[in-house]
Amino acid sequence: MYDPLKQSPKPISGNKEANQWAMFVHFSLFAGYLIPLAGLILPIILWQIKKDQYPFVDIHGKIVVNWLISLIIYAAICAVLVFFLIGFVGFAVLGALSIIFPIIGGIKANQGEVWEYPLSFKLIR
C-alpha cells in the first residue's frame, strides 16, 4: 500500500533541462522584488515560451499562474479586511507564503517532481 507520508513522490521528469526551466518559472516570481510587475509577467512569458518544448514546464507554468491568480484574490480579500485590522495579518501571511511556496516549488521542479501550491485555486488545468 502506498503511504504518501512514508514514501517520497517519484520524479515525473527525467530531462534535466526541463527541470531547470520549470525551476526558473517558479523562481521568476521573485523578479517582482526587483522590477515592479515582473513577478507577474516573467513567469507567464517563460511558461508560454517553453510549454510546447517541455510538457513538464507546462505543468509548472499552470501551477504558478494558478498561484498568481489566487494571490490576487487573497490580496483583494485582505484589502477589504484591513478595515477590520485582520487584513494586516492576512497580508503578512501572504507575504511569507509568496516567498516559501516558490522556493519549495522550484526545488521540487529541479528534482523532477510536481508540487502544487497549497491554498491555490485550480483555475487553469
Open item on the list: If I ask for residues that are surrounded by 22 or more Cβ atoms within 10 Å (Cβ to Cβ) and touching a Lys or Arg at 6+ places or on another chain (Cβ under 9 Å), which ones from segment 22-55 would you list?
Closed with: A22, V25, H26, W47
Task: Subset of segment 72-95 (residues that are out of contact with any helix residue (DSSP H, G or I) (no Cβ under 8 Å at 6 or more places or on another chain) and in contact (Cβ under 8 Å) with a residue 12 or more places away in the chain) - done: I73
Task: Subset of segment 1-57 (residues that are among the β-branched types (V, I, T) and either more than 12 Å from Q111 (Cα to Cα) or at pLDDT 90 or above (or both)) - done: V25, I35, I41, I44, I45, I49, V57
Task: Selection status of G61, crowded, with 18+ Cβ neighbours inside 10 Å, within 30 Å of N19 (Cβ to Cβ) and either touching a residue at least 60 places away in the same chain (Cβ under 8 Å) or not small (G, A, S) (or both) - done: no
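The values are calculated or read from the model by the stated rules, or taken from the named source; none is laboratory data. On a predicted model such as this, the values are computed, not experimentally measured, just so you know. Neighbour counts run over all protein chains shown; Cβ positions are idealised from the backbone, glycine included.
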